[in-house]
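Visitor: Have a look at the structure that comes next, please.
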Amino acid sequence: MCALLRGGLVAASGAASGGPAPTAASEVQAQICAERMAVTAARERANAVRREAQAKRRTWAQHREEEVLFALEGRLRAEQSLRSAQRDELASVQEETERVRAQLASSRKRNDELRATLSGHQEMLRRLRSWV
């Protein structure tokens, strides 16, 4: 409490008890002191509101960061899942490619065998025709 206000109260209580009456200056000083106290209280409230707003901004920023982090984690999981599916698909394609290559090699070998057999048969047919 303001010392001036206390002095004014003492003077006012003195007047009530039969002591000297408060002067206009002491009343003005008491009003000034009361206004200063009101200003101080308003500043304290403003500071409290500012601190609360800062805390809310920090909380909001943290919440926003958590949302972004959650979204990024979800994206990462989706990308990992996609990569896994792509690896599986690639492995399947590679297996199929190897199967087709083996089948092609087998077909080429069989084709070479058939050509050799055909060539032999054509040669035999020529000999038979030449005997006739």
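The values are calculated or read from the model by the stated rules, or taken from the named source; none is laboratory data. All values derive from a computational prediction rather than experimental measurement. Cβ placement follows ideal geometry from the backbone for every residue including glycine, while neighbour counts extend to all protein chains displayed. Surface areas here come from the heavy atoms of the whole protein model, side chains and all, with no ligands, DNA or RNA. Shrake-Rupley method; radii C 1.70, N 1.55, O 1.52, S 1.80 Å.
Visitor: Using +1 at the Cβ of each Lys and Arg and -1 at the Cβ of each Asp and Glu in segment 13-122, identify which of Ala116, Ala48, Val93 lies farthest towards the dipole's positive end.
Guide: Ala116
Visitor: Per residue of segment 46-57, what does 6.51 cos²θ - 1.76 cosθ + 1.60 with θ = phi - 60° give for ³J(HN,Hα)? Whole Hz please, x for Gly and Pro, Karplus curve as stated.
Guide: Per residue, the Karplus-derived 3J(HN,Hα) values read 4, 5, 5, 5, 4, 4, 5, 5, 5, 4, 5, 5 Hz.
Visitor: Express the accessible area of segment 27-92 per residue in Å², computed with a 1.4 Å probe while the remaining protein chains stay in the model.
Guide: For segment 27-92, the per-residue accessible area is 89 Å².
Visitor: Moving on to the next point. For segment 53-70 and segment 75-124, write down the distance between their C-alpha centroids in whole Å.
Guide: So the separation of the two Cα centres works out to 56 Å.
Visitor: Name the residues of segment 52-83 whose amide N is less than 19 Å from a point 7 angstrom out from the Cα of Thr97 along the C-beta direction?
Guide: Only 83 pass the distance filter.
Visitor: A follow-up question, please. Taking all protein chains as present, what is the carbon and sulfur share of the accessible area of segment 38-105, in % to the nearest whole number, probe 1.4 Å?
Guide: About 56 percent, which is the carbon plus sulfur part of the accessible surface.
Visitor: What are the ³J(HN,Hα) values, in whole Hz, obtained from phi via the Karplus relation 6.51 cos²θ - 1.76 cosθ + 1.60 with θ = phi - 60°, for each residue of segment 31-36 in sequence order, with x given for Gly and Pro?
Guide: For segment 31-36, the Karplus curve yields 5, 4, 5, 4, 5, 4 Hz.
Visitor: Just name one of Ala61, Gly74, Gln103: the one whose Cα is farthest towards the positive end of the charge dipole of segment 48-132 (beta-carbon charges, Lys/Arg +1, Asp/Glu -1).
Guide: Sorting the options by dipole projection puts first Gln103.
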